[in-house]
Amino acid sequence: MFTVEQRDALRDHVLQLAEEDERVAAGAAVGSLAVDGGDRFSDLDLTFGVADHVPIAEVLDDWTRTLVDARDAVHLVDLERGPTIYRVFLLPDALQLDLSMTPAARFRPAGPRFRLLFGETAPDDSEVPTTRAPGNLFIPTPSVPHEAHEVMSTFLADGKIDFQGDYYAYTGLFTAARPVQAPFPIKLGGMRGPRSFELAGEIADGLHTALAYSREALDFTADAFRRGGERAERDWAELDLANNMLGAIAQDSDAAREAARIVVAFYISSMPPELLTRNGVDPAEIAPIVEAFNRGDVRGALNRTPPSVGDLLSVAGTAQEWVERIERDLLPAGFRHLLVTFADPFLVEQWAGITIDGLPSLEKQLQLFQRDVMAVFSEDCSGKGGR
């Protein structure tokens, strides 16, 4: 995971490229770093206005060569939206740079998360949309998964596709494979939300979220999913609302909780700060854990992960504790489908080099979960009654 210092150094380098390039007339920071400083997990988003007589692609290509040579950047994808070209780079330690360029005559903010760094913006244009959903500053991000869903639905249903969209284009793509289940259900995944959750309710066969544990986090996800379904006049209860969780189950509750705590430590850096907050964890509290992992200090990271954080970011304990947690939080929020990554002895030993007495094997945890947890909810989750 990248550090704030690495991100700042990349920002300074890109701004230096702009300062030294006479073709660049203006520059701005966009996204979370533009208005509130973001957080240590925020990617770097910079946008620039290019002199009108200069092809944008020419400047982007020149900068790309520099970033690849000097920063080991990998050019992932280009997106074109109106007059703007967006180029996405991935750098070492999972640092992402979203770089965009627009002709200077049309360089202007498209939303509130825009901070001019140098130069001037173009006068406002009544033909340019001024209202954007919060967080979707330049690219209306739901369009990407929306197109992806359309592409996959068509491809799996027909076995072929010719498609020209804003983000995807396919010609003559075909397959002889056919899904056994028809129509083949396609679901969207999301962790931060809320728009991805709403979109799943609008167009997909379900939503698979991950690492939501508190009632607040579960309600936030389910409410957004329901809103999307209602907006599209769909019955959200007929769709698949699922949560992928970390956990462990054992007769020894302490052994299960310790195993879950260890695995949680490895997953923390993947969690958006908004999700951490909804789960009751202060992102600043877990920053030392991520920093230790960045240094390669696994033992230090584990030592910095307190049991309280492990408990907030997992479900672990005896079968009865699992039943109580599901009854208290998951079912009332509307979740009827759980996917569980069990912290078993092999996983804990391979990742952390630690052996935990009283922790059942993966096979035995699955058997225990099926016998003492799934059996309790089998009828309830099918909607036919039961507990």
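Have a look at R178, R231 and point out the one that is over 17 Å from the mean Cα position of the chain (by Cα) and either hydroxyl-bearing (S, T, Y) or assigned by TED's automatic domain parsing to the domain that holds R261 (or both).
Just one listed residue meets the conditions, R231.
Against the definition (closer than 15 Å to R261 by Cα and part of a helix (DSSP H, G or I)), how does L331 come out, yes or no? Considered against the rule, which asks whether it is closer than 15 Å to R261 by Cα and part of a helix (DSSP H, G or I), L331 comes out as no.
Regarding the range 317-324, can at least one residue be identified that is touching a Leu at 6+ places or on another chain (Cβ under 7 Å) and either modelled with pLDDT of 95 or more or over 30 Å from E5 (Cα atoms) (or both)? Yes: the range 317-324 contains one or more residues that are touching a Leu at 6+ places or on another chain (Cβ under 7 Å) and either modelled with pLDDT of 95 or more or over 30 Å from E5 (Cα atoms) (or both).
Let's see how each residue does on (1) within 24 Å of L331 (Cα to Cα); (2) at pLDDT below 95; (3) β-branched (V, I, T); (4) part of a helix (DSSP H, G or I):
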{"site": "R234", "(1), (2), (3), (4)": "yes, yes, no, no"}
{"site": "D254", "(1), (2), (3), (4)": "no, no, no, yes"}
{"site": "R257", "(1), (2), (3), (4)": "yes, no, no, yes"}
{"site": "I262", "(1), (2), (3), (4)": "no, no, yes, yes"}
{"site": "E274", "(1), (2), (3), (4)": "yes, yes, no, yes"}
{"site": "G280", "(1), (2), (3), (4)": "yes, no, no, no"}
{"site": "A287", "(1), (2), (3), (4)": "no, yes, no, yes"}
{"site": "A292", "(1), (2), (3), (4)": "no, yes, no, yes"}
{"site": "G296", "(1), (2), (3), (4)": "no, yes, no, no"}
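Here E58 meets the list (1) under 28 Å from E285 (Cβ atoms); (2) without any contact (Cβ under 8 Å) to a residue 60 or more places away in the chain; (3) of a type in the set (D, E) almost entirely, failing just condition (1).
Restricting the first member to the range 1-13 and to residues that are touching a residue at least 60 places away in the same chain (Cβ under 8 Å), and the second to residues that are basic (K, R), the beta-carbon pairs closer than 8 Å and six or more apart or on different chains are T3/R40; L10/R71.
Consider A248 carefully, then state whether it is touching a Lys or Arg at 6+ places or on another chain (Cβ under 8 Å), small (G, A, S) and under 20 Å from A343 (Cβ atoms). Against the criterion (touching a Lys or Arg at 6+ places or on another chain (Cβ under 8 Å), small (G, A, S) and under 20 Å from A343 (Cβ atoms)), A248 qualifies. Look at the range 355-378: where a residue is without any contact (Cβ under 8 Å) to a residue 12 or more places away in the chain and a partner is not in a helix (DSSP H, G or I), sitting 6+ places away or on another chain with Cβ atoms under 8 Å, you get S378/G386.
Just one of the listed residues (N294, N279, N303) is assigned by TED's automatic domain parsing to the domain that holds N244 and within 19 Å of the chain's Cα centre (by Cα), namely N279.
Screening the candidates R71, R106, R65, R87 for the property of being of a type in the set (D, E, K, R) and in contact (Cβ under 8 Å) with a residue 60 or more places away in the chain yields one hit, R71. Scanning the range 289-336 for residues that are of a type in the set (D, E) and farther than 30 Å from F377 by Cβ turns up E291, D297.
The rows are residues; the columns are (1) crowded, with 17+ Cβ neighbours inside 10 Å; (2) under 29 Å from P288 (Cα atoms).
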position: D8; (1), (2): no, yes
position: A25; (1), (2): yes, no
position: D43; (1), (2): yes, yes
position: F48; (1), (2): yes, no
position: D61; (1), (2): no, no
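For the range 269-282, the condition of being in contact with a Lys or Arg (Cβ under 9 Å, 6 or more places away or on another chain), of a type in the set (D, E) and closer than 30 Å to S32 by Cβ holds for at least one residue.
The values are calculated or read from the model by the stated rules, or taken from the named source; none is laboratory data. Because the structure is predicted, anything quoted here is derived from the model rather than measured. No Cβ is skipped: glycine too gets one built from the backbone with ideal geometry, and neighbour counts run over all protein chains shown.
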